[in-house]
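The structure under discussion appears below in the form of structure tokens.
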């Protein structure tokens with residue numbers, strides 16, 4: 001059986017191409033357990049999750065890569081992220097009954113791709129239109145326009161598994177092509193176009209790459225494990241409540257007796273009683289958040 005829940009980097013040395021391959025099995029099943037992701041909505045979220053993991057293959061610092069799609073139609077939210085250490089999470093929301101047929105995003109849809117650098121506390125965000133209604137094409141346009149890297153991506157999701165394969169043309173100094181094989185990039189694109197979704201989902205990465213690119217000097221660089229993990233914490237929720245202010249927290253206490261916050265990603269519930277709220281605002285020097 002293929003290795004599961006892993007990101008694998010590779011190079012096609014004769015074609016001057018780098019790439020990455022992602023498979024998510026257990027992590028995808030765990031994510032699906034926290035939401036209703038049936039039908040075409042699950043396909044869309046699985047593809048976005050695989051893509052976010054693929055993109056971390058280029059990260060050279062501690063941080064995370066996230067994808068968010070805004071659509072004026074029934075898709076209310078699509079978000080997926082992967083951290084440098086392989087932690088994935090995602091969420092999707094649909095207005096009404098989820099279709100079984102493939103979802104094509106509307107012409108007004110926009111995709112935001114965000115890179116967070118934890119060390120420098122900086123954030124870069126690029127926004128591209130989702131032309132053609134498909135995620136893979138929008139990702140390709142992002143890399144071509146924002147990174148000046150010709151890129152091709154194949155994404156797939158079915159049942160308890162999602163996967164993705166990315167190839168990018170390498171550049172030499174000053175952004176020029178390395179040029180050892182002038183036809184290499186065209187050849188790789190044609191070979192990638194023969195890849196079917198079932199083949200991508202079911203074939204071990206080493207077998208898959210050799211099957212596709214055996215003439216191009218495949219060098220597989222090993223697998224990096226991936227796992228579902230939510231970044232929520234009681235401390236982060238407390239910071240969020242503090243930012244809302246004492247008055248709003250006190251109002252919630254008066255109405256419910258406690259402040260309850262549910263994480264949309266993992267369904268974990270955080271409960272803050274009056275003493276907890278007082279502790280949050282203790283350093284502010286204002287009175288207590290007692291119930292009325």
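Worth pointing out:
- From 54, 44, residue being closer than 23 Å to residue 159 by Cα, at pLDDT 90 or above and in contact with a helix residue (DSSP H, G or I) (Cβ under 8 Å, 6 or more places away or on another chain): 44
- Sole residue being in the same structural domain as residue 124 (by TED's automatic domain parsing) and in contact with a helix residue (DSSP H, G or I) (Cβ under 9 Å, 6 or more places away or on another chain), chosen from 221, 148, 189: 148
- Helices (runs of 4 or more DSSP H) fully within region 113-221 counting 3 or more residues that are over 28 Å from residue 103 (Cβ atoms) and either out of contact with any strand residue (DSSP E or B) (no Cβ under 9 Å at 6 or more places or on another chain) or at pLDDT 90 or above (or both): 184-192, 205-213
- For the residues 250, 227, the requirement of being at pLDDT 90 or above, over 30 Å from residue 18 (Cβ atoms) and either surrounded by 12 or more Cβ atoms within 10 Å (Cβ to Cβ) or not assigned by TED's automatic domain parsing to the domain that holds residue 88 (or both) singles out 250.
- Which numbered condition residue 77 misses (of (1) surrounded by fewer than 22 Cβ atoms within 10 Å (Cβ to Cβ); (2) over 24 Å from residue 97 (Cα atoms); (3) in contact with a strand residue (DSSP E or B) (Cβ under 7 Å, 6 or more places away or on another chain)): (2)
- Selected residue (only one of 211, 268 is free of Cβ contacts under 8 Å to residues at least 40 places away in the same chain and in the same structural domain as residue 85 (by TED's automatic domain parsing)): 211
The values are calculated or read from the model by the stated rules, or taken from the named source; none is laboratory data. As the structure is a computational prediction, the values presented were derived from the model and not from experiment. Methodologically, a virtual Cβ is constructed for each residue, glycine included, from the backbone with ideal geometry; neighbour enumeration extends over all protein chains shown.
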